[in-house]
Amino acid sequence: MKSARRKLTATSGLGALALMGFLSAFAIGNAAQADDALARTKAKGVLEVCGVDGLLPYSSSDTNTPGFEVEIARAMAAKMGVKAEYNWVTWDALIPALTSGRCDAIINGLFITEERLKVIDFTDPYYASGETILVLKSDDSVHKVEDLKDKKVGALAGSVTVQFLEKAGIKNVVVYPDQNTIILELNNKRIDATYLEAPSAAWAIQKDPTLNIKVVHDYIPEERWNAGVGVRKEDTALKAELNTVIAALIADGTISKILEKYGIPFFPPKS
């Protein structure tokens, strides 16, 4: 019995050592894996990015008009000493493409939400999106929502902006079925202003220089959604590198200049 007990004790000790070795190897493996994306990016000289083609002003494979997210991705990659290459997927396939390893980052106007954070991680935000005010080019009277109180304001049917404007005390809100109609109504002076989602509305104006409309660039909406670079949860080194790059590109004005190129106002990320 003593011999059996000694054998059992020895075996248990070996098992414990084996388990400790396995856990240690697992931890080391995870740590190595966490650095794989950054190491792979540096070694290849390429940051593999997932995005959606034909989603202007955000992203496109068109070399002449790539979209502001593609240009931001290129600026981020350049700061890292590499270049950005896009893998085009559908919008609903962005996160699955990242988690399956088809790319190492999502840079495509992906807003940081609690639901998405359950599956992937995000860098610090690099800009915020929200609604913007559009008026005629000759109108310098509007700088904030309160300045719309005595004006006829166009809004998109079924959007949260209708309720927002009404709560803000805007009594003359005119609802339209689509953005293009609203912009044409404003251009034809049937309404005095409109309150629309900034990137798409600003891009619509940018595409048509005949429109007599401008974005109220000094207006920053209180309600904003932060866009971050989507990364896998284990890619902590890549996330840290991108956070350093994002801080630099915000500080030197690169991101705001790229947005301005597409006619889109830069809204600082909301804390």
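The values are calculated or read from the model by the stated rules, or taken from the named source; none is laboratory data. Not measured: the values here are computed from a predicted model. Methodologically, a virtual Cβ is constructed for each residue, glycine included, from the backbone with ideal geometry; neighbour enumeration extends over all protein chains shown. Side chains included, ligands, DNA and RNA excluded: accessible areas come from the protein's heavy atoms. Shrake-Rupley method; radii C 1.70, N 1.55, O 1.52, S 1.80 Å.
Being open to solvent by less than 60 Å² (accessible area, probe 1.4 Å), under 24 Å from Lys118 (Cα atoms) and touching a strand residue (DSSP E or B) at 6+ places or on another chain (Cβ under 9 Å) narrows it down to one residue among Lys239, Lys233; which is it?
Lys239
A quick yes/no check of all residues on (1) open to solvent by 30 Å² or more (accessible area, probe 1.4 Å); (2) within 19 Å of Glu241 (Cβ to Cβ); (3) without any contact (Cβ under 8 Å) to a residue 60 or more places away in the chain:
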residue: Thr41; (1), (2), (3): no, yes, no
residue: Ser59; (1), (2), (3): no, no, yes
residue: Thr65; (1), (2), (3): yes, no, yes
residue: Phe68; (1), (2), (3): no, no, no
residue: Ala75; (1), (2), (3): no, yes, no
residue: Val82; (1), (2), (3): no, yes, yes
residue: Trp88; (1), (2), (3): yes, no, yes
residue: Asp104; (1), (2), (3): no, yes, no
residue: Glu114; (1), (2), (3): yes, no, yes
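Filter segment 160-180 for residues that are more than 19 Å from Ile220 (Cα to Cα) and not aliphatic (A, V, I, L, M) and give the result.
Passing the criteria: Lys171, Asn172, Tyr176, Pro177, Asp178, Gln179, Asn180.
Could you list, in sequence order, the residues of segment 118-148 that are part of a helix (DSSP H, G or I) and loosely packed, with under 13 Cβ neighbours inside 10 Å?
Glu146
Restricting to segment 172-222, count the residues that are part of a helix (DSSP H, G or I), hydrophobic (A, V, I, L, M, F, W, C) and open to solvent by 50 Å² or more (accessible area, probe 1.4 Å).
Going through segment 172-222 one residue at a time, the tally reaches 1.
Given the conditions (1) open to solvent by 60 Å² or more (accessible area, probe 1.4 Å); (2) modelled with pLDDT of 95 or more, and given that Ser256 satisfies all but one, which numbered condition is not satisfied?
(1)
Please determine, by comparing only the residues of segment 149-171 that are under 20 Å from Gly263 (Cβ atoms) and of a type outside the set (Val, Ile, Thr), which one is least open to solvent (accessible area, probe 1.4 Å).
Gly154
Would you pick out the residues in segment 149-161 that are within 29 Å of the chain's Cα centre (by Cα) and part of a loop (DSSP other than H, G, I, E, B)?
Ala157, Gly158, Ser159, listed by residue number.
Any residue at all in segment 155-163 that is at pLDDT 95 or above and touching a strand residue (DSSP E or B) at 6+ places or on another chain (Cβ under 6 Å)?
There is at least one residue in segment 155-163 that is at pLDDT 95 or above and touching a strand residue (DSSP E or B) at 6+ places or on another chain (Cβ under 6 Å).
Condition (residue is hydroxyl-bearing (Ser, Thr, Tyr) and either touching a Lys or Arg at 6+ places or on another chain (Cβ under 8 Å) or part of a loop (DSSP other than H, G, I, E, B) (or both)) applied to segment 72-88: is it met by at least one residue?
The answer is no; no qualifying residue exists.
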